[in-house]
Amino acid sequence: MSLLVVGLSHRTAPIPLLEKAALPAERVTKLIGDAVGTEHVTEAIAVATCNRLEIYADVTRFHGALADLSDLVSLHTGIPAEELTEHLYVHYDNRAVQHLFNVACGLDSMVVGEPQILGQLRSALATGQAEGTAGRVINDLTQTALRVGKRAHSETGLDRAGQSLVTAALDLAVPLLETGRPARAVVVGAGSMSSLAATTLVRLFPGLDLIVVNRTPDRAGRLAETVGARALGLEQLTESLSEADLVISCTGAVDTVIAPADFGPAERSRVVVDLALPRDVAPEVAALPGVTLIDLERIADAERAGAARVEEGSVEAVRRIVAEEVVAYAAAQRAVTVGPTVTALRGMAADVVDVELARFDGRLPDLDAKARAEVANTVRRVVDKLLHEPTIRVKQLASDPGGTSYAVALRELFNLDPAAPAAVSRAEPVPADEAGRPGETDPAREEGIA
């Protein structure tokens, strides 16, 4: 397994570029299908959220896969390669595993520690499984990442901040309201983020007059019923906005949903929160009298300025968990690679035993069946005992860095079929740094060009 991550996020790209890179679900499905259709990619999933687009792939060659995946991101987003390249990040092998674990724990999120990313990872894996692009490698890796994310939230104080993208937005929005709390609010959309917004609003502001607006009235009605709100269709958007002092919009629309014309005369100050990417609210809305627009760019700026909100001790504790889990995952993967070698060794031994027993039968054709069976069992027990300790030890030794060389030695000593143990070489990671973080793999060495 050689894992490659190619992506861009709020940490490397401005919001306008991320807006261009936002892909609907059907395009994400096409992206991963095209990825596994390239020469050097065997498995792939894509994590597409409002602040990141990443492809996680099992690859056979670093440079070839990197070129193919970069081209596909450019093709599917419509962003020219020359504009995209400076904002892409690339992680390989151990660093790719570390990056995914950081993502799962919320360390790489716009709002540090937010738990919604775990659901988004599950969805990405489910899509890959349904499309047949996520095999054993990506499935095991993502399942491990989900477990690491849950561990980080349960074993550290990462959740104490209690922040999500919605609560981060409300931290900015509520102080701008005349009364210091919303009296009437509108949630536009009925997806997972809109549901989170609606439930958060009714939890924080008991007695709130809440309206849910959605293009599909039935979905609006189901969400409204769960939170005790009113439901309206999108054709009633203008009517609903005239009643609201707080609007939160997060739909999956490709074009803007809320335009300046949707707002009537200013009867009160209004705050409009746009959590969608591509954006739901036309930028011109910010110029309306009495209207304040809060978008993802403003939230990201605020989160960077207030990064100390999350206890540094909690973040460091999560980083230690991630470092520990990366080492454990790498050891487990090395041990797995030895399995085919052990199987090939035992298979060869079984073949030798069968041949020799057949020869034995031919030399002593008059030997009774009971004695013949006892001889066969004795020979097999001897071979099993001779192989037991070496096969156990090679599995144990393989979990250490460089341990796969013991499997190579077995293949050489016993002249095992190199196709049986899948002897595709993998680059060895460089030593961990002084902080104990796993080292980076040198793709050049893997490619044989260093």
Stretch gain in nm, segment residue 176-residue 89, where the contour uses 0.36 nm per residue and the Cα spacing is subtracted: 27.6 nm
At q = 0.08 Å⁻¹, the log10 of I(q)/I(0) for the chain from a Debye sum over equal Cα scatterers comes to -0.58
Return one quarter of the surface area of the convex hull spanned by the alpha-carbon atoms of region 1-59, equal to its mean projected area, in nm². 4.0 nm²
Explain nothing, just the number: relative contact order of region 3-155, from Cα pairs under 8 Å at least 6 residues apart, as a whole percent. 30 percent
Check the chain and count each lysine pair with an alpha-carbon distance under 30 angstrom, considering only pairs eight or more places apart or from different chains. 5
Quote the convex hull volume per residue of region 165-305, based on C-alpha atoms, as a whole number of Å³. 97 Å³
Angle check, please: helix 369-398 long axis (alpha carbons) against the longest principal axis of the chain (alpha carbons), in degrees 0 to 90, nearest 10. 50 degrees
Given 15 as the ceiling on other Cβ atoms within 10 Å, longest exposed-site-free region of the chain for GluC sites (Glu not before Pro) in DSSP loops: 40-177
Using DSSP, restrict attention to beta bridges with both residues in the chain and report what percent are antiparallel, rounded to the nearest 5. 50 percent
Explain nothing, just the number: relative contact order of region 165-305, from Cα pairs under 8 Å at least 6 residues apart, as a whole percent. 23 percent
Roughly speaking, what is the stretch gain from residue 324 to residue 284, that is 0.36 nm per residue apart minus the C-alpha to C-alpha distance, in nm to one decimal? 9.6 nm
If you line up the long axis of helix 136-155 against the longest principal axis of the chain, both from Cα atoms, how many degrees apart are they, to the nearest 10? 60 degrees
Spelling out what I want: for every residue of region 88-93, take phi, set θ = phi - 60°, compute 6.51 cos²θ - 1.76 cosθ + 1.60 (Karplus), and round to whole Hz; glycine and proline get x. 7, 10, 9, 10, 9, 6
For region 27-110, the convex hull over Cα atoms projects on average to an area in nm² of 5.5 nm²
Nearest 10 degrees, 0 to 90: what angle lies between the long axis of helix 312-363 and the longest principal axis of the chain (Cα atoms)? 30 degrees
Full extension between residue 20 and residue 348 adds, at 0.36 nm per residue less the Cα distance, a length in nm of 112.4 nm
Enumerate the amide H contacts of residue 50 below 5 Å, restricted to partners 5 or more residues apart or on another chain; note that Pro and chain-start residues carry no placed amide H. none
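Taken together, the values in this text are just the output of simple stated rules run on the coordinates, not laboratory data. Values in this document were obtained by computation on a predicted structure and should not be read as measured data. Reconstructed Cβ throughout: ideal geometry from the backbone, glycine too, with neighbour counts over all protein chains shown.
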